[in-house]
Amino acid sequence: MTKSNNDSSRIKILWKLTRPHTLTASFVPVLIGTILSMFYVDLHFWLFIAMLFSCLWIQIATNLFNEYYDFKRGLDTEDSVGIGGAIVRHGMKPKTVLMMALSSYGIALVLGLYICMNSSWWLALVGVIGMAIGYLYTGGPFPIAYTPFGELFSGLCMGSFFILISFFIQTGTLNIQSILLSIPIAILVGAINLSNNIRDIEEDIKGGRKTLAILVGSERAVYILGAMFIIAYVWVLGLVIFGTINPWILLVFLSIPKPIQAMNGFLGQKIPVKTIMAMKATAQTNTVFGLLLSLGLLISYGLR
């Protein structure tokens, strides 16, 4: 194999290691919070860019920590589904993955300093807490991912908090509108986590995890996933009915085929590899829902 092919193969491995299908869980909340802020202040473009890439690097670091610590605890093997596989399949040294995770945090810290310099230094504390949660999700003596609270932490941190921080750094404040609008995104980010845990029930049991999906069982977990989808859409409808948000955000209902696809993929299916498409449909629900919500906000902004 030529050096060019080796480099290309390595880039593909590194790209897969970031778990790119999950990264929209960072991009979408930042976009929503930023667009909502435009109703109140002029857009600070570079703060938006800094926030976007800071959140992306934090999520990439979290995914890398996940890869590293799941390997160290013996949870990941060559047959594991849904992992980057850089360590168990491609021979990458665990220390290299760990250093990549720490380097990703380093980049996020530099971007965070710029954000704090142009908004509030209180955000430094928020950022440190967020990064600690990202590490403790699979690192430390009591990993969050091994408990029933993974959906809660991922939803709040990567859904609500990313929206609220994005809104705050532009406006210098928070309001009830930004808080209420963050709820359905938090639910859908949590749904991504739940769908992942539904797929991984068998391996997680072997690894000693006590996820929500394990505690309630596969079938009930799928029904909980369905309830989360329903609540997210009904929540948006409620925001419009009570006049909190312009009706243009009802564009999110165009994304309904995605959660239906996810539910159809999970119902009655217990073979992990065959639920991958259902899990991807769950992630796509968050993406399409969030982009349509952003579009609705943009149209509302343009028609003011």
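The values are calculated or read from the model by the stated rules, or taken from the named source; none is laboratory data. The shown structure was predicted, so the numbers you read here are calculated from the model rather than taken from an experiment. Protein only, heavy atoms only, side chains kept; ligands, DNA and RNA dropped before computing areas. Shrake-Rupley method; radii C 1.70, N 1.55, O 1.52, S 1.80 Å.
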Roughly speaking, to the nearest percent, how much of the chain's 1.4 Å accessible area is carbon and sulfur? 70
Debye calc, one equal point scatterer per Cα of the stretch 30-150, no solvent, log10 I(q)/I(0) at q = 0.23 1/Å comes to -1.26
Relative contact order in percent for the chain (Cα pairs under 8 Å, 6+ apart) equals 21
So if the hydrodynamic radius of the stretch 213-296 is defined as the Kirkwood radius over C-alpha pairs, what does Stokes-Einstein give as its diffusion coefficient at 4 °C and 1.567 mPa s, in µm² per second? 95
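Rounded to the nearest 500, what is the 222 nm mean residue ellipticity of the chain from helices alone, with -39500 (n - 2.57) per DSSP H run of 4+ residues and division by all residues? Provide the component values of the computation, followed by the final result.
On the way: 13 runs with 208 residues, N = 304.
Only helices count here, giving -22500 deg cm²/dmol.
Taking only Cα atoms of the stretch 178-264, what ratio of Rg to Rh do you get with Rh as the Kirkwood inverse-distance radius?
Working: Rg = 15.1 Å, Rh = 14.1 Å.
My calculation puts Rg/Rh at 1.07.
On a 23 Å Cα-Cα criterion, which of the cross-link pairs Lys72/Lys93; Lys12/Lys210; Lys12/Lys93; Lys95/Lys210 come out too long? Provide the component values of the computation, followed by the final result.
Details: Lys72/Lys93 11 Å; Lys12/Lys210 32 Å; Lys12/Lys93 16 Å; Lys95/Lys210 27 Å.
From Lys72/Lys93; Lys12/Lys210; Lys12/Lys93; Lys95/Lys210, over 23 Å: Lys12/Lys210; Lys95/Lys210.
Which whole-number value in Å² is the accessible area per residue of the stretch 37-170, probe 1.4 Å? Intermediate values should be presented prior to the final figure.
Numbers: 6270 Å² over 134 residues.
Accessible area per residue, the stretch 37-170: 47 Å².
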With a 1.4 Å probe and every protein chain left in place, tell me how much accessible area Lys16 has, in Å² to the nearest 10. 100
Distance from the Cα centre of the stretch 36-67 to that of the stretch 180-243, in angstrom? 23
So how much slack lies between Ser9 and Phe253, counting 0.36 nm per residue of separation and subtracting their Cα-Cα distance, in nm? 83.9 nm
For q = 0.06, 0.07, 0.08, 0.13 Å⁻¹, Debye-computed log10 I/I(0) when each Cα of the chain counts as one equal scatterer: -0.20, -0.27, -0.35, -0.93
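Helices from the chain with mean Kyte-Doolittle at least -1.0 and a Cα length along the axis of 27 Å or more, per DSSP H: which? Walk me through the numbers on the way to the answer.
Working: long enough: 45-72 (40 Å, 0.84); 94-117 (35 Å, 1.54); 176-199 (35 Å, 1.32); 218-241 (34 Å, 1.80); 276-302 (39 Å, 1.14).
Span-like helices in the chain: 45-72, 94-117, 176-199, 218-241, 276-302.
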Checked the stretch 113-244 with the C-alpha gyration tensor, a ≥ b ≥ c its square-rooted eigenvalues, rounded below a/c of 1.5, otherwise prolate if a/b is larger than b/c and oblate if not; verdict oblate
